[in-house]
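Just so you know, all these numbers are worked out from the coordinates, no wet-lab data involved. Just so it is clear, the model here is predicted, and its values are computed rather than measured. Cβ: placed from backbone, ideal geometry, glycine included. Neighbour counts: every protein chain shown.
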Amino acid sequence: MGYAAHGAAGMLTIFTRGVLCNWMVSTGVVCAMICTNVSGKIMAMWMPIMVFFYMGFEHSVVNMFLFPTGLMMGGNFTIMDYLIWNELPTALGNLVGGLFFVGLTMYSTHVRTAPKRAR
């Protein structure tokens, strides 16, 4: 597989592409939640999602479809190659991108201004 040939640099590359991917996907979700009308929601989520596709970032859920399809079509890799050199670093990168780049940022900027919850 392509990333395995580069060793640790390949693993870092796929992790980084996973981080950037979920940063864009999560930003699209947040932007769509902020908008109040349907056309605004569509436009707000369109741009980050298109950046994710155009830049070729890696999303673990998308890869759960693409890699088994590649295997069924005769791809030259094993399931363990896929799991170790794609799914694991991509899923970890997706978690970091979504949790830290979007979730933690939203929390830290809104924790003081959010309405208090009744117990």
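Look at the range 81-95 and say how many of its residues are crowded, with 17+ Cβ neighbours inside 10 Å and farther than 17 Å from Ala8 by Cβ.
Number satisfying all stated conditions: 4.
Could you pull out the residue among Gly28, Gly40 that is within 15 Å of the chain's Cα centre (by Cα) and not hydrophobic (A, V, I, L, M, F, W, C)?
Every option except Gly28 fails the conditions.
If you go through the range 28-64 one residue at a time, how many are of a type in the set (Val, Ile, Thr) and closer than 28 Å to Glu87 by Cα?
So the count comes out to 6.
Can you tell me which residue among Thr105, Thr78, Thr113 is over 20 Å from Met33 (Cα atoms) and either over 13 Å from the mean Cα position of the chain (by Cα) or loosely packed, with under 12 Cβ neighbours inside 10 Å (or both)?
Answer to the selection: Thr78.
If the requirement is being within 17 Å of the chain's Cα centre (by Cα) and over 22 Å from Thr105 (Cβ atoms), which of these qualifies: Leu12, Leu71, Leu20? Lay out the reasoning, then the answer.
Values: Leu71 fails: within 17 Å of the chain's Cα centre (by Cα); Leu20 fails: over 22 Å from Thr105 (Cβ atoms).
Answer to the selection: Leu12.
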